[in-house]
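These notes are about the structure you will find just below.
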């Protein structure tokens with residue numbers, strides 16, 4: 001469930017938000033409350049909420065000051081305010097605020113704001129997962145510049161880099177190097193840490209990502225360019241390594 005913190009100095013409004021809404025239908029739960037920005041900072045640090053619903057004008061620390069001082073924490077914020085002023089909204093945008101809601105709070109509007117905040121959270125998770133996957137793939141495929149590899153392992157990598165766009169299988173590599181598949185795979189995995197087939201797929205996905213960034217050809221052509229004759233299989237392999245489909249990747253990542 002998504003954890004929500006409510007920071008509001010008006011007790012009646014704060015308690016009303018906590019107890020008059022069914023947060024469970026949004027797969028959420030209120031894990032804490034605070035009556036001013038200073039308490040809010042302490043609660044954010046202690047509870048690490050996913051969503052913070054906060055007023056702007058509060059004692060000790062304003063809502064914006066609270067957001068400023070806790071911006072290193074990964075949460076989505078929803079601003080509540082009785083002041084319909086653009087400057088507040090403009091300032092709130094700097095802190096990745098999901099929505100700016102005017103008082104008196106409309107519960108339907110707040111529910112939609114929470115749904116939007118949850119969507120933002122999921123988008124961030126997807127982006128972070130993709131970023132981690134890209135880094136992992138890059139680290140593995142750049143190993144040739146970081147390690148002292150044997151002749152056979154370097155040869156395998158050279159073949160993959162020059163022929164990944166073709167229908168390349170393990171037996172093709174074995175035939176070219178005239179060595180047993182068992183010995184070659186064992187040596188490759190010992191030196192590189194993954195199998196030859198895994199390395200081939202990672203390299204193909206890395207090239208596919210570059211082509212997706214260039215946005216110069218449709219996805220089915222990218223599949224063919226990277227050695228996947230079957231578009232569905234390309235989608236399956238891409239999803240395995242990246243955690244999303246090629247089309248989802250284009251929508252999630254800001255090139």
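The values are calculated or read from the model by the stated rules, or taken from the named source; none is laboratory data. Everything numeric here is computed off the predicted structure, so don't read it as measured data. Reconstructed Cβ throughout: ideal geometry from the backbone, glycine too, with neighbour counts over all protein chains shown.
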query: Got a sec? Which of 179, 207 is assigned to a loop (DSSP other than H, G, I, E, B) and either assigned by TED's automatic domain parsing to the domain that holds residue 153 or over 19 Å from residue 150 (Cβ atoms) (or both)?
result: 179
task: Among residues belonging to the stretch 64-90 that are in a helix (DSSP H, G or I), crowded, with 17+ Cβ neighbours inside 10 Å and in contact with a helix residue (DSSP H, G or I) (Cβ under 6 Å, 6 or more places away or on another chain), point out the one that is modelled with the highest pLDDT.
output: 66
task: Just give me the residues in the stretch 190-204 being part of a helix (DSSP H, G or I) and in contact with a helix residue (DSSP H, G or I) (Cβ under 8 Å, 6 or more places away or on another chain), in sequence order.
output: 191, 192, 196, 197, 199, 200, 201, 202, 203, 204
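If the requirement is being within 21 Å of residue 99 (Cβ to Cβ), in contact with a helix residue (DSSP H, G or I) (Cβ under 7 Å, 6 or more places away or on another chain), outside any helix (DSSP H, G or I) and modelled with pLDDT of 90 or more, which of these qualifies: 29, 6?
That would be 6, the only listed residue that is within 21 Å of residue 99 (Cβ to Cβ), in contact with a helix residue (DSSP H, G or I) (Cβ under 7 Å, 6 or more places away or on another chain), outside any helix (DSSP H, G or I) and modelled with pLDDT of 90 or more.
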Close pairs from the stretch 213-237: first at negative phi and assigned to a helix (DSSP H, G or I), partner at pLDDT below 90 and exposed (fewer than 11 other Cβ atoms within 10 Å of the Cβ), Cβ under 7 Å, at least 6 apart: 213/255
